[in-house]
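Remarks on the structure that follows.
Derivation of every value follows stated rules applied to the coordinates shown; laboratory data play no part. If you're wondering where the values come from, they're calculated on a predicted model, not measured in any experiment. Using ideal geometry, Cβ is built from the backbone for each residue, glycine included, and neighbour counts are taken over all protein chains shown.
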Amino acid sequence: MLTLTEPLSAHREQVRDFLMSNFYVPETTVLNANDSLLEQGVIDSTGVLEVIGFIEETFGITVEDSELVPENLDSIEGIVRYVARKKSRMLVDD
Amino acid sequence: MHEPIPLLHDYLIRSARELPDKVALVCGERRVTYAELDAHSNAIANHLQATGVVRGDRVVIFGDNTVETVVGFWAALKANAIVCLVNPLTKRGKLEYLLNDCSPAAMITDGHLRHIFDEPARACRSLSSIIISGEIGDADLAELHVAVRWKRAIIAGRDRAPARKCIDIDLATIVYTSGSTGDPKGVMLTHRNMLTACTSISSYLSIEKNDVILNVLPLAFDYGLYQMIMAFGAGARLVLERSFAFPAQILILIAKEGVTGLPGVPTLFAMLSGLKSIGQYDLSSLRYVTNTGAALPVKHIRMLRELVPAASIYSMYGLTECKRCTYLPPEDIDRKPLSVGIAIPNTEIWLIDEEDNRVDPGGIGQLVVRGATVMQGYWGKPEATAERLRPGPLPGENVLYTGDYCRIDDEGYLYFVGRSDEIIKSRGEKVAPREVENALMSISGVREAAVIGVPDELLGEAIKAFVVPEQGANLDEKAVQKECQKRLESFMVPKSIAIVPSLPRTDTQKLNKRALQLPH
C-alpha cells in the first residue's frame, strides 16, 4: 500500500509557494490549506487557468475538463489531494 | 395592499406573495424560497432603519455573489435607501475612494473581506451601521463600533417592511463604472430607470416564471445584477455562482438545475470553447444564451450554435449609463453576425457627427440614446455628467451621448466601431488605462507609465503596461505586477509589463500610445 504522506506535504509547500509568488496574497492573510482560494480573492476566473498550467507542468498530469471543479482546484488541500489521486491512478495504469 | 405603481422591490414582494414556497435562489448548497428572501430582507431593512438609515441614504454592499448580498440588496431598497454594490475584488484604496464618494450610512459586508474594509470603514464618518456576515472575531467586530453580525440583524422584523417613502423617480442604485480620468463614477439610476430596463430586456428575452437563469457574473456589474432582478420580477429561479472560474461546474449546474438562460461574456465562451469534453454534458435545457461587454466573435457564435442548436443566441450592447442600448434578434445572427442589433424596446438611438447633426445610414457617428433607461447623471460629478447628458427633443429631457462610435446600416442595425476614450475591455470588464497608470505611478521606483490594450484570444483585450523606472531604480516585472495586484481588481492588473528606458512621444511631447501598439 503506497503511503502518500511525504509527497503530500512536499506538494502542499510547492503549491503554496507557487500561489504566493504568482498571485497576490495580502500580508494579513494566512493561506490555510482548506480555505477557498476564490473566496480569499487569491485566484479569479482566469487565474484558475494559470493554476492548471502549473499543476500540469509541475506534476506531469493532464487535467481533464470534467476535473475543473472547485473540489480539485479551489484550495491548497484540494489541489494536493487531486494531484495525489491522479498520480496513484497513473501508477496503477502502468 | 397592492401597489399600482411599482418600485423595484415590488418585484420581490409580488413574487413572494404569489409563489412563497418556490425556490427563488440557488447558491451553492443553499436553496432559498421567495418567502424567505422577503422575510429576511424585511428584517435587514428594519435593522437598517433602526440603526439610522433614512430615505435617500446610501447603503454599500461589499460582498461576493452570496445569499447575504442578494438579501442586502432588496433590504436596502425596502429601507428607502440607495444601493451601491461594490465588486468584492476591490482593494482597500479604491474602497476608500468609493466610501468617500458616496458617503454611505450603512455597509453590508462579509468577514473574509475584513483586511480590505477595516480601515476604510473606520475612516468613513458617514457610517452609522455595519452588518457583517461570515466569520469575524469578537474583538475585530468590536473595533468597528457600529458593526453587528448578520445573524443578529436578521432575527427581528421579518413580518413587515418599513413604511414606503420613495416614489419611482427616486434613486434606487448607484452603479460605479470606470472613467477615462481614472476615477470611478457613480451612475445614478432611479426605480423607474431600472424598471424600464427590466421590462424591456425581459420582453425581448421572453423571461417568464419557468426560467432558471444561471448568473456567473458579479452582482456589482449591472449585467449580473439584472439577472437577479429579472429573475425575481418574473417569479423565476436564479442560480447564483461566484464566478466562471470553474467551467465544468457551469456545465454540471446547467444539467443539474435545468438552466434555461446563460448570460455570458466573450471570455466565458472562450473558456467553454477550450473544453474538449463539452459535448458530454446535457445542455438541452438551455433556451437562450446572451453576450455583452464586448463583441461576440463569430467563432464563438458557431461554437454555441453547434453546442446548443435549439438555443437562441442574443448579441447585445449597452452602457451602464443606460443599462442597454441594443440587442440582435436571434433570427438575424446568421446574416448579421457582426451587428449588435436594434434598439431595445422603449428606446430610441441615432448617430451624430461632430457638429451634432444626425448621420445618415452607412455613416459613422457618436451613438446617442433616448429613453427612460438613461441615467440621472454621475453622483457628485456635475462636469462629467454634463459631458454625457445633453438636452433631448422635449423640454426638460436628457439624452445620453455615449462616447461610442457606431455605424447603422440601411435596415437600422447597429455596428460598434470604437470608443472615443481609451477604455479597454478585458474579460468583459471595463478598464480605464488611466486608473491602471495611476496605480503604477504610485509604486515606488516608477517614474512614468503607459497602459494599452492588445488583442487577446481569451481576454478580448489584454492589458499591457510600459513602465519607465526612476533614475537608479531596479524594477522587476513580477514585483511591479504584485504591487498592481495590491491596488487593483484582478481584471485590471496588467498581463504583461515592459520595463523601458523611455516612452514614445509626439512632436508636441504628448504620449504616443499608437507607437506603443506597434510590435517592437
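In straight-distance terms, cross-link reach from B:Lys381 covers every one of the aspartates and glutamates whose alpha-carbon lies under 16 Å from its own, apart from those fewer than eight places away in the same chain; here that gives B:Asp101, B:Asp183, B:Glu321.
The mean count of C-beta atoms from other chains within 10 Å of the C-beta of residues in B:88-96, rounded to a whole number, is 1.
Annotation: amide H of B:Lys381 has no partner in the under-5 Å range at sequence separation 5 or more or interchain, hydrogens built in the peptide plane. Could you name the lysines in cross-link range of B:Lys165, using Cα to Cα under 19 Å and dropping any fewer than eight places away on the same chain? Within reach: B:Lys78. Look at B:Asp140, B:Asp404, A:Asp35 and count the other Cβ atoms within 10 Å of each Cβ; fewest to most, that gives B:Asp140, A:Asp35, B:Asp404. When the alpha carbon coordinates of region B:424-517 are projected onto the principal axes, the ranges are 36, 32, 19 Å, largest first.
Scale the Cα Rg of region B:10-166 by the rule-of-thumb value 2.2 N^0.38 Å and send over the ratio, two decimals.
Normalised Cα radius of gyration, region B:10-166: 0.99.
Annotation: lysines with alpha-carbon distance below 17 angstrom to B:Lys510 (same-chain offsets under eight excluded): none found. Here B:Asp101, B:Asp353 are placed in order of increasing Cβ neighbour count within 10 Å, fewest first, which gives B:Asp353, B:Asp101. Put simply, chain B fits an ellipsoid with semi-axes of 34, 30, 24 Å; these come from the alpha carbon gyration tensor as the roots of five times its eigenvalues, largest first.
Over chain B, Cα pairs under 8 Å with separation of 6+ residues give a relative contact order of 11 percent. Only helices enter this figure: runs of n ≥ 4 DSSP H residues, each worth -39500 (n - 2.57), summed and divided by the residues of chain B, yield -9000 deg cm²/dmol at 222 nm to the nearest 500. Ranked by the mean number of other Cβ atoms within 10 Å of their residues, highest first, the peptides B:176-184, B:470-478 fall in the order B:176-184, B:470-478. Of the cross-linked pairs B:Lys94/B:Lys478; B:Lys425/B:Lys486; B:Lys209/B:Lys299; B:Lys94/B:Lys299, those separated by over 26 Å at the C-alpha level are B:Lys209/B:Lys299; B:Lys94/B:Lys299. Taking the average, over residues, of other Cβ atoms within 10 Å as the packing measure, peptides B:39-50, B:77-88, B:127-138 rank B:77-88, B:39-50, B:127-138 from highest down. Dimensions of region B:1-97 based on its C-alpha atoms, expressed as ranges along the principal axes with the largest first, amount to 44, 34, 23 Å. Averaged over peptide B:240-251, the number of partner chain Cβ atoms lying within 10 Å of each residue's Cβ comes to 6. Principal axis analysis of the Cα atoms in region A:5-93 yields extents of 43, 28, 20 Å, listed in decreasing size. The value of relative contact order for region B:424-517, using C-alpha pairs under 8 Å at least six residues apart, is 28 percent. With contacts taken as Cα pairs under 8 Å at a separation of at least 6 residues, chain A carries a relative contact order of 35 percent.
For chain A, the longest principal axis of the Cα atoms and the long axis of helix A:47-59 meet at an angle of about 40 degrees.
Counted over the protein assembly as shown with a bin width of 10 Å, the fraction of Cα pairs per bin, in whole percents, is 3, 16, 26, 28, 19, 7, 1, 0, 0.
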